[in-house]
Amino acid sequence: MNGKRGPSMHDVAARAGVSHQTVSRVLNDFPGIRPETRDKVLAAIEELGYRRNLAARALVTGRSHTIGMIGPEIPDIGPLSTLHAVERAARDAGLHTMMTSADPSTAHVRDALEFIVGRGVDAVVLVAQEHTVLEALDGVEVGVPVIRLLTGGEPVGEAASIDQRAGARLAVEHLIGLGHTRIQHLAGPLTFIEAQLRRDEFRDLIAQARLPELEILEGDWTTDSGFAAGASIDPRATAVFSANDDMAFGLIHALVAAGRSVPDELSVVGFDDTKTSRHSLPPLTTVRQDFEAVGRRAVELVVAHMAGELPRETGFIVPTLVERSSTAAPRA
């Protein structure tokens, strides 16, 4: 660094031939600025490469126009996609983002909250897929709105989530519609609220349809755990509903390695619709989660809070089923 300061608002004012108050009004979109004056100021900003001092602006306005984001230390596709979507939606809304991460323990989440709020953010979006993350908010006065992401079962209003039960229903009803009556579930880790909701909906639907209850297997979201589950598939099963795509990929690998055909001998449905799912062998039937919509919903809630409005009741974001080649009617 050469120690030379960047151009200031006064430099812009001098270049444009206006007062620094006029520059400030242009930057803050005040009404009543003549178009030719605005054009001169914007041209001076471009020529000088001026960048406004957000910290100084926050002191004057009481707003940093920044959203704090807290994600898991080891995120999977859902949190990563959602946080990127929040960042894009924030940028479109003229806001900035600042991110930190935390493991799901209550103490670590509270430390992350204290850190990010201490940076003067106007709101926080928090990936809250586990009960311990939600528990970190109990009895804590954060001081800014906190929008919970990807809980899958939170009341609407302060959360942006996808209806996990509806997604599991799509997967199971698809298999039942194909004629499968012996369906096994490969669940995600049950410390995750989403995994619990998908498992609970699976069990309810199997009971309602009066189908045999096969053992529910549990993985850890990874392809390795899906591969390991291949050795425990019930020999009576004709279909498996996997709680995410990665475990489904591992499971299909294990089945093919054992000489079994998908979907001729065993149909497999995943959950997420990752980019890989359309290129697996066979291409994976899966439940699509719209993480972009979650990000947009979260920023809409933040903007409503910043405007002093009550967030409108919008409900959960609804998933969809993407049918590909990993499912078929069971053999006669």
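Per-structure values
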quantity: For ALA328: the one exception among (1) in the same structural domain as TRP221 (by TED's automatic domain parsing); (2) surrounded by 14 or more Cβ atoms within 10 Å (Cβ to Cβ); (3) farther than 17 Å from ALA160 by Cα; calculated: (1)
quantity: Output for segment 228-272, where each listed residue is acidic (Asp, Glu) and over 23 Å from ARG288 (Cβ atoms); calculated: ASP234, ASP264, GLU265
quantity: Failed item, numbered, when PRO189 is tested on (1) of a type outside the set (Gly, Ala, Ser); (2) within 30 Å of ARG88 (Cα to Cα); (3) assigned by TED's automatic domain parsing to the domain that holds PHE227; (4) part of a strand (DSSP E or B); calculated: (4)
quantity: Selected residue [closer than 24 Å to GLY308 by Cβ and either modelled with pLDDT of 90 or more or basic (Lys, Arg) (or both)] from VAL127, VAL121, VAL142; calculated: VAL121
quantity: The listed residue being touching an Asp or Glu at 6+ places or on another chain (Cβ under 6 Å) and at pLDDT below 95, out of THR191, THR223; calculated: THR191
quantity: Subset of segment 205-242 that is outside any loop (DSSP other than H, G, I, E, B) and of a type in the set (S, T, N, Q) - its residue that is surrounded by the most Cβ atoms within 10 Å (Cβ to Cβ); calculated: SER242
quantity: Residue list for segment 279-325, restricted to those being buried (at least 16 other Cβ atoms within 10 Å of the Cβ), of a type in the set (A, V, I, L, M, F, W, C) and under 22 Å from ALA166 (Cα atoms); calculated: LEU284, VAL287, PHE291, ALA293, VAL294, ALA298, PHE316, ILE317, LEU321, VAL322
quantity: Failed item, numbered, when HIS180 is tested on (1) part of a loop (DSSP other than H, G, I, E, B); (2) without any contact (Cβ under 8 Å) to a residue 60 or more places away in the chain; (3) touching a strand residue (DSSP E or B) at 6+ places or on another chain (Cβ under 6 Å); calculated: (2)
quantity: Residues of segment 23-38 satisfying the condition of being of a type in the set (D, E, K, R), within 15 Å of ALA13 (Cβ to Cβ) and either part of a loop (DSSP other than H, G, I, E, B) or modelled with pLDDT of 85 or more (or both); calculated: ARG38
quantity: Residues located in segment 290-307, provided they are of a type in the set (Asp, Glu) and in a helix (DSSP H, G or I); calculated: GLU292, GLU300
quantity: Test: residue in segment 322-329 that is more than 30 Å from VAL124 (Cβ to Cβ), in a strand (DSSP E or B) and over 14 Å from the mean Cα position of the chain (by Cα); calculated: yes
quantity: Test for VAL287: is it outside any strand (DSSP E or B) and either in contact (Cβ under 8 Å) with a residue 60 or more places away in the chain or not aromatic (Phe, Trp, Tyr) (or both); calculated: no
quantity: Those residues of segment 294-332 which are modelled with pLDDT under 95 and either among the polar types (S, T, N, Q) or within 30 Å of ARG236 (Cα to Cα) (or both), in sequence order; calculated: THR314, ARG331, ALA332
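The values are calculated or read from the model by the stated rules, or taken from the named source; none is laboratory data. Just so it is clear, the structure is predicted and the values come from calculations on it, not from any experiment. Don't worry about glycine lacking a Cβ; one is built from the backbone with ideal geometry, like all the others, and counts go over all protein chains shown.
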